[in-house]
Amino acid sequence: MTNPFVELSGFITPAIMQAYVVLMFLLVIGGTILDVMHKKSAQYFFENSKKAQKNAKRTLSGGEKNGLLLKTVANEVLTSSEFANPQRRMSHLLTMYGFIMFVATTAILIFAYPTDADAGIVPVLWHLGALMLCLGGYWFWFFIRVDVSAEGNPWYRLVRADLFIVSLLAMATFALLWSLSGAGVLKDLFFVLFIAASTTLFSTVLWSKFAHMFFKPAAAFQKKVAHADGSSENLPADYDLSDPAVHAKFPDIPEYMGKNPPNMGLGIKRESPHHY
């Protein structure tokens, strides 16, 4: 129930804490813009969308698009239903909602209760968010990462792609240790590490996967639209391989597979996913 920033306000003014939060927010915006310019992801997205519109077999109404948008928000955004592995999905949800809760309550405590020890339920949500973030993040780090679970690499192997998850976990871990430790040098050390980790997280968007959070919903929505209007991202239709019309269109099917090709089975879906 204790607001961890009250004690901090004794030697760091609320104005400085608030300025730091604003700076981190601006770093995320700037890093995301640079990421978009560097990878040209927005350009690719819009060009691919125009290409799909040209290949569309029907025009979707506004109501259909709104329905697809709501479905995208409910499935890909709020519940992460695109993950076939239930453990990966749960880990992602814990990390995502823990991060949102932690960041939101940090802003509330710093801007609304910087010197108020009694901040209601907000400190509880702050600690709960950090704990959820740690639970989901460490679950992913030790047991789910594809290069560890599928390729047998050690858990302590670090590459640049790990910058996001490592700084994210360090931020939540040192925040909890700083809040729960008593006064003294150790508490000051945990605070410095907490600030260092959070600064690393929010200032390295260009080199991390942070920006994908903004493009993931848009890409999922566009995929649903392409499937509904028939453009199907320029992929071939799902043909019935025993249909004579399909044989006439693709003569190599009966030549190599016969007039009534056997059911090829589930393919890669035959085995339940255990990793990425």
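The values are calculated or read from the model by the stated rules, or taken from the named source; none is laboratory data. Treat the numbers as computed from the prediction; the structure is a model and nothing was measured. Backbone-built Cβ (ideal geometry, glycine too); neighbour counts: all protein chains shown.
Could you check the range 193-230 and list, in sequence order, the residues that are of a type in the set (S, T, N, Q) and at pLDDT below 85?
Selection gives 208, 222.
Return a yes/no flag: does the range 136-143 have any residue that is in a loop (DSSP other than H, G, I, E, B), small (Gly, Ala, Ser) and assigned by TED's automatic domain parsing to the domain that holds residue 20.
Checking the range 136-143: not a single residue is in a loop (DSSP other than H, G, I, E, B), small (Gly, Ala, Ser) and assigned by TED's automatic domain parsing to the domain that holds residue 20.
Filter the range 196-215 down to residues that are without any contact (Cβ under 8 Å) to a residue 60 or more places away in the chain and surrounded by fewer than 17 Cβ atoms within 10 Å (Cβ to Cβ) and give me whichever is farthest from the chain's Cα centre (by Cα).
That would be 196.
Can you tell me which residues in the range 237-250 are modelled with pLDDT of 85 or more and exposed (fewer than 10 other Cβ atoms within 10 Å of the Cβ)?
The answer is 245, and nothing else.
Residue-by-condition table, conditions (1) part of a loop (DSSP other than H, G, I, E, B); (2) surrounded by 15 or more Cβ atoms within 10 Å (Cβ to Cβ); (3) touching a residue at least 60 places away in the same chain (Cβ under 8 Å):
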| residue | (1), (2), (3) |
| --- | --- |
| 17 | no, yes, yes |
| 22 | no, no, no |
| 34 | no, no, yes |
| 44 | no, no, no |
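Out of the residues in the range 130-144 that are more than 11 Å from residue 91 (Cα to Cα) and touching a residue at least 40 places away in the same chain (Cβ under 8 Å), state the one that is surrounded by the fewest Cβ atoms within 10 Å (Cβ to Cβ).
131
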